[in-house]
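The values are calculated or read from the model by the stated rules, or taken from the named source; none is laboratory data. Worth saying up front: this structure is predicted, and the values here are computed from it rather than measured. Because the Cβ atoms are built from the backbone with ideal geometry, glycine has one as well, and the counts that use them run over all protein chains shown.
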2 protein chains.
Amino acid sequence: MTRTTTVDQSKPVFLPKKFIEKARSKSNVQINEIHTFLEGSPEQSKLILEMMNELAGDSYLVEGTEYYEHNKATSREATAKKLARLAGYLEHDIKRARDEFHRDVRGELQAADAPLITNKDLSFFLKRLDLLTIVDPQLVTRMGVNLLLFGNCVRGNGTDEQIRYWLQERGLALGTGLFGCFAMTEMGHGSNVANIQTLATYEPATDTFKITTPDLVATKWWIGGAAHSATHATVYARLIVEGKDYGVKTFVVPLRDPETMELFPTITIGDIGAKMGRDGIDNGWIQFHGTVIPREYLLSRFTKITPGNPPRVETNNTFESVCGYTALLSGRVGMVKESFRVGQRFATIATRYAVGRQQFGERGNETQLIDYPLHQYRVLPQIALVYLLGPVSVNLDKLYFNTVNSLYAAGSDIKKMQSVIDGMKTLFIESAALKATATWLVAGLIDELRQSCGGHGYSSYNGFGKGYNDWVVQCTWEGDNNVLSLTSGKSILKLFTEAAKGRKLKAPISSLSYLAPEYIQKLNTGALNNVTSLSTLSDYHEIWAVSLIKYLAFSVGVMKSTRNPDSISKYLVSVAKFHAFHSMTKSFYEQLTSDNSYIKDEATRDVLWKVYKLFSVYFIDKFSGELLQLKVLTPDQMSSIIQPQLLSLLQEVKVHCIKLTDAFQLPDAFINAPIGYYDGDIYHNYFNEVTKNAPKDVAPGVPPYANLLTSLLGRDSGFERSGAPSEQLFRRLTK
Amino acid sequence: MTRTTTVDQSKPVFLPKKFIEKARSKSNVQINEIHTFLEGSPEQSKLILEMMNELAGDSYLVEGTEYYEHNKATSREATAKKLARLAGYLEHDIKRARDEFHRDVRGELQAADAPLITNKDLSFFLKRLDLLTIVDPQLVTRMGVNLLLFGNCVRGNGTDEQIRYWLQERGLALGTGLFGCFAMTEMGHGSNVANIQTLATYEPATDTFKITTPDLVATKWWIGGAAHSATHATVYARLIVEGKDYGVKTFVVPLRDPETMELFPTITIGDIGAKMGRDGIDNGWIQFHGTVIPREYLLSRFTKITPGNPPRVETNNTFESVCGYTALLSGRVGMVKESFRVGQRFATIATRYAVGRQQFGERGNETQLIDYPLHQYRVLPQIALVYLLGPVSVNLDKLYFNTVNSLYAAGSDIKKMQSVIDGMKTLFIESAALKATATWLVAGLIDELRQSCGGHGYSSYNGFGKGYNDWVVQCTWEGDNNVLSLTSGKSILKLFTEAAKGRKLKAPISSLSYLAPEYIQKLNTGALNNVTSLSTLSDYHEIWAVSLIKYLAFSVGVMKSTRNPDSISKYLVSVAKFHAFHSMTKSFYEQLTSDNSYIKDEATRDVLWKVYKLFSVYFIDKFSGELLQLKVLTPDQMSSIIQPQLLSLLQEVKVHCIKLTDAFQLPDAFINAPIGYYDGDIYHNYFNEVTKNAPKDVAPGVPPYANLLTSLLGRDSGFERSGAPSEQLFRRLTK
């Protein structure tokens, strides 16, 4: 980082570097141990750091602050260029996964008898995408739509032959041959997939389907990649055979010729246009005017049509609807990890700024922001949030891959499928509650931390603006957060009413342990009364379990009195949040108490416990309205236990805040925000980036559109300019 | 509004128009009475509606959805063009204010003996700016820095002669001659104005000041208008005379020649560059390298230098520091009104969408979003928020103008000034608490309502994205919300400790009535115990007064035990919020119970009371953690009174929601979001705007940068394309 300044630096007033270096030296936490703890294993930690540094050095993929100068058109094209670069990594990463640098992975994957591509094959590349989310989320989406939405839709709903054909033979999984998009959402139906209107009518005479958009609101809408880059779409459409509606199934529909990118006849496509964020994604809308596709393009794992007179239709709606979601599930699980990653970036920026920035207090020696308890309250719990997202996202990843691997392994085997279904339901609850809660919390994190950086947080070059705009769509897509919270809350309520009757969970996981009948029993007998004193470490996650049970019991009571299930929606949204807090605190607790915590240093362990406590206490305070109303806590406990703990934990964590964010080990290229670079030279770094993007003016420089301004100011004004003091005097003096 | 569609409309599935028309016809509230109530008088209501419709028809000022396609450069230039248009309105509006269409207002204002320009002269134009905030806030800011920041800085700190010279003779107040910017903030000092570093050193030999930027962090930063349009700046700098530092004073410094826009020597200016929002404002940074200005350019109302050996300095730091803020106060007061205006826009959009949009439920007859209690909970309290911002902003306006008019009238008269100071302190509390709370709440409103519109809320064309990005800087500038909340909370705490000792307020206003010693007495004797039952209408504002007293008493207790004033910062921020809730509910209550409520229709009055209750109950629930901890309410009251009331008020307000937002009477041009237009034809309007901005493609259309994509997909792929089913088959079938 070169640094220049146009003004005298002999007596600088502010020395942010000094403060940050001092804070760094004063904390003895072991950042490598922490990194391993957060990533779940030494192997993962090593891989993440290697890959991150490799990417940070790739100037094709990672831009500097000029990234923030893109407009919609340049952003779309720049992202497409990066996509080509990324396709190279895809092939490289699959090779590496198969056996470090296997020579002919294409030949092997594309052979007629090739085994199906697995999640293990993709594991390195998925990690790469995960990391690139920090740097350029629109790029990740653009590849993700192809590989994970189109790709997983085919994997979840297609036969082995179809998977092999589309992903391997045709090349999609290698980022070549064709480019997929995922045409589920319509203008009029987003969350409500079952009522999608697009029609796929089977035509026995030609053994084909005719795809039709019957109505304006049935226009496929928001389809990522459709405007420019997709050659094929997985289309969600109603299967109509001999006039009968078999519900929503999935079809592959070619849109453009991959050799020329020319649009095929009978298809109308438009650009969705400008968006709040992620303009690098070419979202589009699609209308089908009787587009014909062969029968083989119906994804046929659960739905088969046998030609004949009449044609025979076999379908399994239960499996179809559960598996129809797998493509979305990968997105939801991914977003929890992305919350962890993106949160790291902004927590690092704001923490460095908070330590380096001075405000008020003694002139010449102003107080560091971080020394104000109010500022600690704004910044430090956000670091804790990021930490608590670590172990839970590792666990969710494992749950996801275990479940979908069984799903893929089950093939079309109905018997094996049945046992997968229960696991899928658990995964649904866990991923929905965590996706909604984590993406909301990180939206709040970005917003709060931007404000904590004052005016400088509003500069595009410090990343918060684009970061926020790109982020918040996560609260809406692949399951609207309110809808997801509500449905997962409903599922939890259902399990609760069963558990209260003594029924055990079919697919128990640690984060649902509070729904075990014996746990509810324990609470009822008062065995958990001590939890709210927060006297042991486990109390900090247990309190969420206790709150959940009380909340669920309360909700059941309200529903009984109102006789309207909708009357408890607001409570169920909170239940989903509490469930997420429980999963987060419990995962962290279990990881830190396990033999594989990878934390050997006691001082570091001690700080991690403080972070864990801070998270829990902060959210107890935030949700104290609910906790007090449910009588989990008393008002006196709030003022005598929670509030003082919060205040003292902030003080204790403050000492380590620079090291705690250093532990994420994000290279400056990933930070891409000059007020948050590692060296802490906030003002010089910031000034450099601003002047790099807009060179300075000196006399007699003239701004753009100056004529517009001179004519505004010089318009018939009828006043005398000759009075003193005036410009004339000024000119004399400065000659 | 013309409408086209490319698909069959004979059997549309969704009929949003029908639902919105039905909702409109089912409510009998009188929207004109409401408009008068919210604006404070029939004259204001009439003026607002006339001016709004006049502006809506001005295609120079008001763009359609193409507004959302601007990039930084085009946005800057387009805003400058609008600025010229706006200058015409400025002159027109001053004429109108002086006496409908006074013939020669320039001659009159610019005469040597002209009376000083008054706030009454500007009253029509200020209303116009207020309305334009809904449409194009960056334009308003760009004019605002000139007229209200530069202008009011001169009016607050300058002598009559200086005010007459800069605003009248030179033409600034007429939008001609020169263009001002407000150079207060530096890179290193925003909120902490007292420690600003820029130096203004008096040079006796030439009777001039030398303005110097001593350090990189002393660079004037974020200065709106500095990058391109400003010819002059009011510069906040330390006055140094004979080596002595007299603290921060204000100076007018010429930057560019208004006839050519050429930058003057010794000044370096740069563009701040890209921002999260408001790219139409040309924010810049400025460094002074010994810029010389005449002594007369020191704004000398409270600080005078008499040349001589040694030169004599007279200054009044108390008045200077209080009045130095008047320029900012107008901004803060303005932001409360802007919260009311901008809130109207988004509340209207989201309410129409909530009524017109259907989701889930019976196929072919899906449920309207607004029929879900959860959706009601998300949308309707936001309408209530906007309503509650009405009367309070009218009151705050009055308080502001009364106070600053006395200030301007006081001139340099020290005796008169003293009595103004107390009023200024009250105004500070009221404007700071309301500015911070209102701008935060409206940031939350935009965010929540965007999410309530699902994916369509993320489209730029529906306004939320740019609306949010433009809005949130309001939480930071002209007083950071946390700093403002904290300082107003501290002032309230100080008044409380005095009131507890029996001392009366010096400048009592209705919203501070809870700080009267007799009120605190009343609470202590239990005379206010019934308030929390919410059995009378006044209880809904009184509960906030009771909560405030309890919160303040609690804070005093904590401070006593920690002996650290910073330990209660978090509570004081909440105190400022509670104060704002109290002001909002009390203003509304007083307006609706007064003889001048302008509500004659009983049914309408009844609905307004429901809106008022909903606001209060919603925030009681939101802040129930605090209210329960402070024992204002018991847990049982929360579940037996507050929660059921919230649920039933939502149901009751729902019936009127379309009319309640119709009552704002915003023209579609002000809405500028097709999912929120008056006719409710959501999908056609939306589709029209999308296709207007990005024409559709049909076969064999090719997307931009297609070669980039074909080379990506066609790169050496080594797989066989001839297998069926394939593109070849597809082509045969579609021939």
For the range B:186-198, which positions are more than 7 Å from every other protein chain (Cβ to nearest Cβ) and within 12 Å of residue B:218 (Cα to Cα)? B:186, B:189, B:193, B:196, B:198
Those helices (runs of 4 or more DSSP H) completely within the range B:396-509 that have 3 or more residues that are surrounded by fewer than 24 Cβ atoms within 10 Å (Cβ to Cβ), away from chain A (no Cβ under 14 Å) and among the charged types (D, E, K, R) are B:414-452
Only one residue in A:330, A:300 is away from chain B (no Cβ under 14 Å) and of a type in the set (Gly, Ala, Ser). Which one? A:330
Exactly one of these conditions fails for residue B:304: (1) farther than 29 Å from residue B:508 by Cβ; (2) charged (D, E, K, R); (3) in a helix (DSSP H, G or I). Give me its number. (3)
If you go through B:223, B:281, the only one that is out of contact with any strand residue (DSSP E or B) (no Cβ under 6 Å at 6 or more places or on another chain), more than 7 Å from chain A (Cβ to nearest Cβ), hydrophobic (A, V, I, L, M, F, W, C) and under 20 Å from residue A:692 (Cα atoms) is B:281
Identify all residues within the range B:533-558 that are outside any helix (DSSP H, G or I) and either touching a residue at least 40 places away in the same chain (Cβ under 8 Å) or under 17 Å from residue B:574 (Cβ atoms) (or both); write none if there are none. B:534, B:537, B:538
If residue B:205 meets every condition in (1) within 26 Å of residue B:177 (Cα to Cα); (2) of a type in the set (A, V, I, L, M); (3) more than 8 Å from every other protein chain (Cβ to nearest Cβ) apart from one, which number is that one? (1)
Qualifying positions in the range A:598-641 - within 14 Å of chain B (Cβ to nearest Cβ) and of a type in the set (Gly, Ala, Ser): A:624, A:625, A:639, A:640
Please determine whether any residue of the range B:187-204 is closer than 30 Å to residue B:93 by Cα and not hydroxyl-bearing (Ser, Thr, Tyr). no
Pairs, first within 12 Å of chain B (Cβ to nearest Cβ) and within 20 Å of residue A:338 (Cα to Cα) in the range A:372-387, second part of a helix (DSSP H, G or I) and small (Gly, Ala, Ser), C-beta under 9 Å, six or more apart: A:379/A:347; A:379/A:350; A:379/A:354; A:379/A:452
Failed condition for residue A:324, given (1) among the small types (Gly, Ala, Ser); (2) touching a residue at least 60 places away in the same chain (Cβ under 8 Å); (3) on the phi < 0 side of the Ramachandran plot; (4) within 14 Å of chain B (Cβ to nearest Cβ): (4)
Using beta carbons and a limit of 6 Å, which pairs, at least six apart or on different chains, have the first residue in the range B:665-676 and surrounded by fewer than 22 Cβ atoms within 10 Å (Cβ to Cβ) and the second one not in a helix (DSSP H, G or I)? B:668/B:677; B:668/B:678; B:669/B:62
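Output the residue which, of all residues in the range B:231-266 that are outside any loop (DSSP other than H, G, I, E, B) and at the interface with chain A (Cβ under 7 Å from one of its Cβ atoms), is nearest to residue B:71 (Cα to Cα). Full working, then the answer.
Within the range B:231-266, the first condition is being outside any loop (DSSP other than H, G, I, E, B), and the residues that meet it are B:232-241, B:244-254, B:256, B:263.
Checking which are at the interface with chain A (Cβ under 7 Å from one of its Cβ atoms) leaves us with B:254, B:263.
Values: B:254: 30, B:263: 25 Å.
It comes out as B:263.
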Regarding the range B:154-162, can at least one residue be identified that is part of a loop (DSSP other than H, G, I, E, B) and of a type outside the set (A, V, I, L, M, F, W, C)? yes
Answer yes if at least one residue in the range B:236-259 is without any contact (Cβ under 8 Å) to a residue 40 or more places away in the chain and among the polar types (S, T, N, Q), and no otherwise. no
Name the residue, out of B:79, B:36, that is farther than 23 Å from residue B:391 by Cα, at pLDDT 95 or above and not assigned by the TED database to the domain that holds residue B:271. B:79
Which residue is surrounded by the fewest Cβ atoms within 10 Å (Cβ to Cβ), if the candidates are limited to the range B:56-84 and must be in a loop (DSSP other than H, G, I, E, B) and hydrophobic (A, V, I, L, M, F, W, C)? B:62
Considering the range B:291-300 alone, what residues qualify as being outside any strand (DSSP E or B) and either buried (at least 23 other Cβ atoms within 10 Å of the Cβ) or not assigned by the TED database to the domain that holds residue B:203 (or both)? B:297, B:299
Can you tell me which residue is surrounded by the fewest Cβ atoms within 10 Å (Cβ to Cβ) among those in the range A:226-270 that are out of contact with any Leu (no Cβ under 9 Å at 6 or more places or on another chain) and on the phi > 0 side of the Ramachandran plot? A:243
Out of B:650, B:633, B:709, I need the residue that is among the aliphatic types (A, V, I, L, M), farther than 29 Å from residue B:21 by Cβ and in a helix (DSSP H, G or I). Which one? B:709
Among residues of the range A:268-289, those that are under 32 Å from the mean Cα position of the chain (by Cα) and outside any loop (DSSP other than H, G, I, E, B), counted: 10
Kindly indicate whether residue A:292 is in contact (Cβ under 8 Å) with a residue 40 or more places away in the chain and within 28 Å of the chain's Cα centre (by Cα). no
All but one of (1) at pLDDT 95 or above; (2) over 30 Å from residue B:90 (Cα atoms); (3) surrounded by fewer than 19 Cβ atoms within 10 Å (Cβ to Cβ) hold for residue B:53; state the number of the condition that does not hold. (2)
